[in-house]
Ligand SMILES: [Ca+2]
């Protein structure tokens, strides 16, 4: 009995620990701060005023970082250091000041008069001044020196159109060494064929003697049957900084993941696939040796991640080594998943979870990767994932992830660092119409592509 009394930890806590309040000031209502607290017990990052009720006595520092809010850069005060005594209650105030004005605008590069048939992807090899624009109707177009070239880079409209539902040409990717000996473009589309809802197809094309025209025909890389419904095809193709080729696929369509593809490891639907296409065309692709192994009957090792519903747009942020996935929800939640880009074998939860909500089956379920950010259907209905800004024209925006929503047409950003989401902003300028996609040019500048045919550059 004596020992139990002597070791009563609650007595020890109440007798020795101090209380630290960190308060933020100088920000618009609802705006996120961003700060780091270093103390005897380690480091914590946080984004709003917070009480640390069981702080150990000792030396502390509060380091705040500049944030964007309300049309300004909000400048953080200098680092504050102090000693917290046992049993003390102390409040530290971090007061931001208004710095230079900073806001985003949308500059029209191509308007409806250009007649683009559904611009849905925009890419360029690094350093290439041309904009390569995918039309959903099945063409790749080139915009150069202020002009849209009349001859397409590629025209496969006869294999794509007319499309139904969410079909069409959906995305394309340049080989990472496009300009240095690997002049290949990987084109991703829903092929119109005898099966009403088509196949998900990726083909590799090679540039011709004319740098503004691709040779035809292409060579098939992968084909995935998608015959039951004309929605939830995925998808995007992209190369990771590991040199591997990624393809996101939707769950096969309809509703509720009626075929159970998201959690079925033998299916290639509702997944993020990771393929090695460096041996192409013999064979079309190989499966990287470090792809994950999966439980279940006859699992497909092309699968890098499972449990996705309709990951229409995802992107890699190479400088931070992160992967951002915008996974379109069903009736309630739109989500952004943010993970280390080299983390294999993740399960993003669909259709056990929709965002952080239970959807079907036992929930919560261990082992599922929850979204880093989500919003409900009061704010939108179909997330359009974008990119982390890494261009040069907007240094204030460095490291921010931009995204939109097909139904709402706003432009939002968030900042994800040190495992927390901060600086969740909705910009005053928005396309205010259906957003098909974001695009990224050869200098890392970002664009918005709208259903009504506009190409808009994100500028200050
Ligand atoms: Ca999820």
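Here are the numbers for this structure:
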{"quantity": "Label-point separation in nm, residue 368 to residue 48, each point 7 Å along Cα→Cβ", "calculated": "2.4 nm"}
{"quantity": "Residue 41-residue 81 pseudo-label distance in nm [points 7 Å out on the Cα-to-Cβ vector]", "calculated": "2.2 nm"}
{"quantity": "Value in Å of the Kirkwood radius, where the stretch 15-101 supplies the Cα pairs that are averaged", "calculated": "13.3 Å"}
{"quantity": "Within the stretch 68-110, backbone nitrogen closer than 19 Å to the virtual label 7 Å beyond the Cα of residue 149 toward Cβ", "calculated": "110"}
{"quantity": "Convex hull (Cα only) mean projected area of the chain, reported in nm² to one decimal", "calculated": "26.2 nm²"}
{"quantity": "Fully extended contour minus Cα-Cα distance, from residue 129 to residue 342, at 0.36 nm per residue", "calculated": "73.7 nm"}
{"quantity": "Stokes-Einstein D in µm²/s, Kirkwood radius over Cα pairs - the stretch 340-460 at 10 °C with 1.306 mPa s viscosity", "calculated": "100 µm²/s"}
{"quantity": "Spacing of the two label points (7 Å from each Cα toward its C-beta) at residue 98 and residue 209, in nm", "calculated": "6.3 nm"}
{"quantity": "Computed Kirkwood radius, in angstrom, where 1/r is averaged over Cα pairs of the stretch 398-444", "calculated": "11.8 Å"}
{"quantity": "Difference of contour (0.36 nm per residue) and Cα-Cα distance, residue 113 to residue 195", "calculated": "26.1 nm"}
{"quantity": "Packing rank of 241-254, 429-442, where each peptide gets the mean count of other beta carbons within 10 Å, highest leading", "calculated": "241-254, 429-442"}
{"quantity": "Relative intensity, log₁₀ I(q)/I(0), of the stretch 380-421 from a Debye sum that treats every alpha carbon as a point, q = 0.30, 0.33 Å⁻¹", "calculated": "-0.99, -1.06"}
{"quantity": "Cα-based equivalent ellipsoid, the stretch 172-302: semi-axes from gyration tensor eigenvalues, Å", "calculated": "27, 19, 11"}
{"quantity": "Sorted peptide list for 226-235, 366-375, criterion being average Cβ within 10 angstrom, highest first", "calculated": "226-235, 366-375"}
{"quantity": "Binned Cα-Cα distances of the stretch 161-200, short to long, each 5 Å bin given as a whole percent", "calculated": "6, 24, 21, 14, 12, 12, 9, 3, 0"}
{"quantity": "The stretch 280-328 shape via C-alpha gyration tensor axes, a/c threshold 1.5", "calculated": "oblate"}
{"quantity": "Taking the chain and dividing mean pair separation by its residue count, relative contact order in percent (alpha carbons under 8 Å, at least six apart)", "calculated": "13 percent"}
{"quantity": "The chain, helix-only ellipticity at 222 nm - DSSP H runs n ≥ 4, -39,500 (n - 2.57), divided by all residues, nearest 500", "calculated": "-1000 deg cm²/dmol"}
{"quantity": "Zone of residue 407's modelled label, taken as backbone nitrogen in the stretch 345-386 under 16 Å from a point 7 Å along Cα→Cβ", "calculated": "354-355, 374-385"}
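Readers should treat all values here as calculations from the given coordinates under stated rules, not as data from a laboratory. Computed from a predicted model, the values in this text were never measured in an experiment. Neighbour counts run over all protein chains shown; Cβ positions are idealised from the backbone, glycine included.
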